[in-house]
Amino acid sequence: GPFADVTFQWTEVLARLRGDAIDLGAWDVWGGRGAIARVRRAFGLEGRAPRKRDFEHSLAYSGAYCEDLVRGAQLQATALAQIIARSPRAWDRGIVVVRIGVNTLGQEKHLERYAVTGLDADARRVADGCASDIETAVREIRAAHASVGVVLVGLLDNANWVRLASRWQSATEIANIRAVLAYFNGSLSALAKRERRIVFIDDNAWWTSLFGDRDSEGIPRYRPVSLGGSAAVTNTQGDDPRNA
């Protein structure tokens with residue numbers, strides 16, 4: 001689109017705004033296919049997947065599930081732990097951001113079920129599994145550097161995603177969805193309280209404080225946000241800078 005050259009993912013924004021203070025590693029193409037990463041790790045070498053263009057220290061990628069932190073071909077926590085172990089002194093003031101979960105329990109198909117069943121045994125099982133994977137990842141990273149800081153970012157309510165804003169417009173449905181979201185975010189918050197140098201960021205509370213939310217009946221009540229420029233930003237989608 002016409003704005004593609006000035007549309008950035010979040011690490012690129014950090015690099016441009018705080019590049020003098022935050023070392024994200026070199027910008028390059030990193031990693032390879034899962035099979036190649038497995039072979040490299042089998043021989044004691046660094047192995048990361050998938051292949052993507054990003055900053056060296058970013059193991060995040062679109063489509064990741066919670067299990068990809070600690071199992072399967074990706075092993076994001078293992079790959080990051082290897083990076084940290086390579087130069088531990090550089091990570092004495094390091095911070096690891098863990099923001100994951102939407103593909104595991106926040107997709108449309110998940111919300112559709114939660115709207116009916118709420119926080120049932122199956123929803124608890126999936127949420128507990130994701131929280132457990134995150135805790136395992138944190139422990140693996142801490143094994144590489146005991147004092148590295150960790151930020152656990154809570155899950156956004158995907159019922160506010162533009163594509164889904166017209167769905168579940170009833171008090172019961174939206175309350176059921178929010179119960180699962182609150183349960184999962186509560187697990188991350190509890191982990192942060194148990195461990196030193198870990199903080200929990202309530203991403204959903206931050207987002208709704210700016211753009212608004214659905215009301216108690218599930219009806220969207222969004223508002224534009226001014227960033228100080230001539231155009232407001234709204235809860236819309238696309239690479240135009242007026243879209244959130």
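What is the diffusion coefficient of the stretch 162-217 in µm²/s, taking the Kirkwood radius over Cα pairs and the Stokes-Einstein relation at 20 °C with a viscosity of 1.002 mPa s? Mind showing how you got there, number by number?
On the way: Rh = 13.0 Å.
So the translational diffusion coefficient is about 165 µm²/s.
Per the Kirkwood definition applied to all pairs of different Cα atoms, how many angstroms is the hydrodynamic radius of the stretch 99-243? Mind showing how you got there, number by number?
Values: mean 1/r = 0.0605 Å⁻¹.
After inverting the mean inverse Cα-Cα distance, the result is 16.5 Å.
Measuring from the lowest to the highest alpha carbon on each principal axis, how far does the stretch 1-66 reach, largest first, in angstroms?
Between the extreme Cα coordinates on each principal axis of the stretch 1-66 lie 41, 30, 23 Å.
What GluC sites (Glu not before Pro) does the stretch 91-197 have in DSSP loop regions with at most 15 other beta carbons within 10 Å?
Working: sites: E108, E112, E135, E140, E173, E195; in loops: E195.
Here the sparse-neighbourhood loop sites are E195.
What is the antiparallel percent of DSSP beta bridges lying wholly in the stretch 142-244, to the nearest 5? The partial results should precede the final answer.
Numbers: 4 of 9 bridges.
Once the DSSP bridges in the stretch 142-244 are tallied, antiparallel ones form about 45 percent.
Residue by residue, what Karplus-based ³J(HN,Hα) values in Hz, rounded to whole numbers, does the stretch 16-32 have, using 6.51, -1.76 and 1.60 with θ = phi - 60° and x for Gly and Pro?
7, 8, 9, x, 6, 10, 10, 8, 8, x, 6, 8, 6, 9, 10, x, x
Just to confirm, what accessible area per residue do you get for the chain at 1.4 Å probe, in whole Å²?
Values: 13310 Å² over 244 residues.
About 55 Å² of surface per residue is accessible.
I'd like the per residue volume of the convex hull spanned by the Cα atoms of the stretch 5-117, given in cubic angstrom.
Working: hull volume 16.2 nm³, N = 113.
Output value, Cα hull per residue: 143 Å³.
Per the 1.4 Å probe, what fraction of the accessible area of the chain, in percent, lies on carbon and sulfur atoms? Don't skip to the answer; put the middle values down first.
Working: 7210 of 13310 Å².
Exposed carbon and sulfur together represent 54 percent of the surface.
Computed over the Cα atoms, what is the radius of gyration of the chain divided by 2.2 N^0.38 Å, N being its residue count?
Working: Rg = 19.2 Å, N = 244, 2.2 N^0.38 = 17.8 Å.
Ratio of Rg to 2.2 N^0.38 Å for the chain: 1.08.
What's the extension gain from F8 to E195 if we count 0.36 nm per residue and subtract their Cα-Cα distance?
Working: separation 187, 0.36 × 187 = 67.32 nm, distance 3.28 nm.
Length difference between fully extended and current span is 64.0 nm.
Work out Dmax and Rg for the stretch 103-146 from the C-alpha atoms and quote the Rg first, both in angstrom.
Over the stretch 103-146's Cα set, Rg and Dmax evaluate to 13.9, 43 Å.
Calculate for the chain the 222 nm mean residue ellipticity that helices alone would give, adding -39,500 (n - 2.57) per DSSP H run of length 4 or more and normalising by residue count, nearest 500 deg cm²/dmol.
Counting only the DSSP helices, I get -13000 deg cm²/dmol.
The values are calculated or read from the model by the stated rules, or taken from the named source; none is laboratory data. Nothing here was measured: the structure is a model prediction, and the numbers come from that model. Here Cβ is always computed from backbone atoms with ideal geometry, including for glycine, and neighbour counts include all displayed protein chains. These area figures cover heavy atoms from the full protein model, side chains too; ligands, DNA and RNA do not enter into them. Shrake-Rupley method; radii C 1.70, N 1.55, O 1.52, S 1.80 Å.
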